[in-house]
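Written out below as C-alpha cells is the structure these notes cover.
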Amino acid sequence: MIELAVGKPWRRRGIAAGLHARLLDGVRAERAALTMRPEPEAAAARCAYAAWGYRKVGRWRPGAEAPVYDAMVLGLR
C-alpha cells in the first residue's frame, strides 16, 4: 500500500481501520512498517496508527534533499 486516505465526509466511521485490517488479514510477516510525515497536520493519522498498534521506532530520510519521516512498526505475531 502506498497511501491510505479517506475523504473528509467519510472520516471517523472506521473505514480506514477496516481497510487496514483487511489488507493485513492473512499476512504471514512478522511486522508491518510505515513512514509518515511528523508535522502537526498529521496528528489524526498518528493517533489512528497508534490505536491500531503501531509504535514509532525512529526517523528516516530517504535522501539528502528529502523530508524527514517518522518510521513506525506494528508487530503481527
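The values are calculated or read from the model by the stated rules, or taken from the named source; none is laboratory data. Remember, predicted model here, so these are calculated numbers, not experimental data. Cβ coordinates were reconstructed from backbone atoms using ideal geometry, including for glycine residues, and neighbour counts include every protein chain displayed.
Checked against the criterion of being touching a Gly at 6+ places or on another chain (Cβ under 6 Å) and surrounded by 10 or more Cβ atoms within 10 Å (Cβ to Cβ), the range 43-66 has no qualifying residue.
Looking across the range 53-77 at every residue that is touching a strand residue (DSSP E or B) at 6+ places or on another chain (Cβ under 6 Å) and of a type in the set (Gly, Ala, Ser), the one that is farthest from residue 25 (Cα to Cα) is identified as 58. Within the range 8-28, track down each residue that is assigned to a loop (DSSP other than H, G, I, E, B), surrounded by 10 or more Cβ atoms within 10 Å (Cβ to Cβ) and not charged (D, E, K, R). Answer for the range 8-28, where residues must be assigned to a loop (DSSP other than H, G, I, E, B), surrounded by 10 or more Cβ atoms within 10 Å (Cβ to Cβ) and not charged (D, E, K, R): 14, 27. Taking the stated definitions as given, is residue 31 more than 24 Å from residue 77 (Cα to Cα), in contact (Cβ under 8 Å) with a residue 24 or more places away in the chain, among the charged types (D, E, K, R) and surrounded by 12 or more Cβ atoms within 10 Å (Cβ to Cβ)? Spelling it out, it is not the case that residue 31 is more than 24 Å from residue 77 (Cα to Cα), in contact (Cβ under 8 Å) with a residue 24 or more places away in the chain, among the charged types (D, E, K, R) and surrounded by 12 or more Cβ atoms within 10 Å (Cβ to Cβ). Residue 12 fulfils the conditions (1) at positive phi; (2) touching a residue at least 40 places away in the same chain (Cβ under 8 Å) except for a single criterion, (2). If you go through the range 27-47 one residue at a time, do you hit one that is on the phi > 0 side of the Ramachandran plot and either at pLDDT 95 or above or over 10 Å from the mean Cα position of the chain (by Cα) (or both)? Taking every residue of the range 27-47 in turn, none turns out to be on the phi > 0 side of the Ramachandran plot and either at pLDDT 95 or above or over 10 Å from the mean Cα position of the chain (by Cα) (or both).
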